[in-house]
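Report on the following structure.
The values are calculated or read from the model by the stated rules, or taken from the named source; none is laboratory data. Quantities reported herein were computed from a predicted structural model and do not represent experimental measurements. Glycine also receives a Cβ, built like all others from the backbone with ideal geometry; neighbour counts cover every protein chain displayed. To get the accessible areas, we keep the full protein, side chains included, count just its heavy atoms, and leave off ligands, DNA and RNA. Shrake-Rupley method; radii C 1.70, N 1.55, O 1.52, S 1.80 Å.
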Amino acid sequence: MTDQQTVTIRPGGPEDAATVLRLLDSATAWLVARGRTGQWGTEPASADPRRIAQADAWAAGGGLYLAMLGDAAVGALVVGKATAYVPPATEPELYVNLLVTDRAYAGHGIGAGLLAYAAELAGERGLGLLRVDCYGGDDRALVRFYEGCGFTATDPFTVERPGRAPWPGQVLARRLT
């Protein structure tokens, strides 16, 4: 990335579902190459009917935002309501349902920038709480990433998955001023 290339954030729409899947596939391949298969498994999201439907719903749901570097999407953020498998908030909140970045741009602050944008959205809506959940297994590197972005780990949880190992999750919260 050069100084002349600025990351911008734009709202996404139904036409961006394939972009979300591409970003998920790329991130999954990156994780697999590092032996980190606990988070999203080993198969591409674009080959999983459940993940395709999820990307379609996110893209059509009004909460998708894409980080753009020129004409290229280098990250995706989905905000909305918390998923059913996490403990409910005790106050109104904005929930980060998805954060994924193009690993070719790791270290450029794209994920942190998208989270800052989510905080701005929450503030514009008069909300004082931003929450997210993530994979809490292995070395908890993803938990540490969110903590580095101002979040505090709150509730651990486990998603039971018939025929597969349980998925260890962690909810994190960030208070907004």
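Taken per residue, the accessible surface of the chain reaches 51 Å², heavy atoms only and a 1.4 Å probe. Here the Karplus curve 6.51 cos²θ - 1.76 cosθ + 1.60, taken at θ = phi - 60°, turns the phi angles of the range 162-169 into couplings of x, x, 9, 5, x, 9, x, x Hz, with x standing for Gly and Pro. Each principal axis of the Cα cloud of the range 36-175 was taken in turn, and the coordinate range along them, longest first, works out to 42, 39, 29 Å. In plain terms, the chain is cut at each of the trypsin sites (Lys or Arg not before Pro) found in a DSSP loop with at most 14 other Cβ atoms within 10 Å, and the longest leftover piece is 35-80.
For the chain, adding -39500 (n - 2.57) for each run of n ≥ 4 DSSP H residues and dividing by the number of residues yields -9500 deg cm²/dmol at 222 nm.
For the chain, DSSP calls about 90 percent of its internal beta bridges antiparallel.
Of the accessible area of the range 1-147, computed with a 1.4 Å probe over protein heavy atoms only, carbon and sulfur atoms account for 52 percent.
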